[in-house]
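Presented below is the structure to which this report refers.
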Amino acid sequence: MKPTSEITAGHAVLETVIGFMAIAWSEKGLIRVCLPERSRETVERRLFRHPGVSTSTEQPGWIVELIASIKAYAAGEDIDFSGVPVDLDGVDDFRLAIYGAARKLGFGETTTYGELAKRAGHSGLARETGAALGANPVPLVIPCHRILAAGGKIGGFSAPGGSSTKEKMLAMEGVRVGPPPAAQASFGF
């Protein structure tokens, strides 16, 4: 057994302005992000449904920084999570390609499932791309909320709150989803 000072896997529950979130990590990187819930108990219960989550709460430096970044994002700040190490052991090559393409999307930048599939080298696989994103273990860090259905529709979202949560996250990034305002409204009459 490793001495306590060397433990690198763990989990944390954090309170943000949008609710309680949870994260888990291994010695290789982030393995799980649970998006906001109303209570600490609910998000922690959801986190521990997944295999490989350590009971340790000791936080390495990069996790302390990540928690601060997640809280800042939840408060509306433009945060770039593309440099956060993720541990995707066991994830197939197709999903790795989709997740890699999604990680290139910046704050407030969206694309469609079909376009993301194309960027990942899998043209024509929009539905499969949606399924891969639905299995994303680290939403926010792999920004699956930035992927929309054809025609700018919101599309699905597997986090608590479903599409409503996705729409709120996009709104935090300044993205408006849905039909454009009426022509008269855009001119202020």
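The values are calculated or read from the model by the stated rules, or taken from the named source; none is laboratory data. Being a predicted model, the structure only gives us computed values, none of them experimental. Note that we place each Cβ from the backbone using ideal geometry, even for glycine, and neighbour counts take in every protein chain shown. We work out accessible area using only protein heavy atoms, side chains counted, and drop any ligands, DNA or RNA first. Shrake-Rupley method; radii C 1.70, N 1.55, O 1.52, S 1.80 Å.
Counted residue by residue at 0.36 nm each, then reduced by the alpha carbon distance between them, the extension gain from residue 39 to residue 65 reaches 7.1 nm.
Contour minus end-to-end for residue 57 and residue 78, with contour as 0.36 nm per residue of separation and end-to-end as the Cα-Cα distance?
Details: separation 21, 0.36 × 21 = 7.56 nm, distance 2.72 nm.
Result for the pair: 4.8 nm of gain on full extension.
Helical runs (DSSP H, four residues minimum) scored at -39500 (n - 2.57) apiece and divided by the length of the chain put the mean residue ellipticity at 222 nm at -9500 deg cm²/dmol.
Neighbours of residue 138 by Cβ distance under 11 Å: Lys/Arg scored +1, Asp/Glu scored -1, total +1. Find out how many positive minus negative residues lie around residue 162, taking Lys and Arg as positive, Asp and Glu as negative, among other residues whose Cβ is under 14 Å from that of residue 162. Net of charged neighbours comes to +1. Could you point to the label whose value was computed as Rg and Dmax of the Cα atoms in Å for the structure here, given [x] 17.5, 70; [y] 16.7, 53; [z] 15.8, 46? Here the calculated entry is [x]. Computed over protein heavy atoms with a 1.4 Å probe, the carbon and sulfur contribution to the accessible area of the chain reaches 54%.
Spin-label model, residue 150 to residue 135: label points 7 Å out along the Cα-to-beta-carbon direction sit 2.4 nm apart. About its Cα centre, the stretch 35-88 has a charge dipole of approximately 360 debye under the convention of +1 per Lys or Arg Cβ and -1 per Asp or Glu Cβ, with nothing else charged. Loop-located GluC sites (Glu not before Pro) in the stretch 23-101 (DSSP state not H, G, I, E or B) with no more than 15 neighbouring Cβ atoms inside 10 Å: 27, 58, 77.
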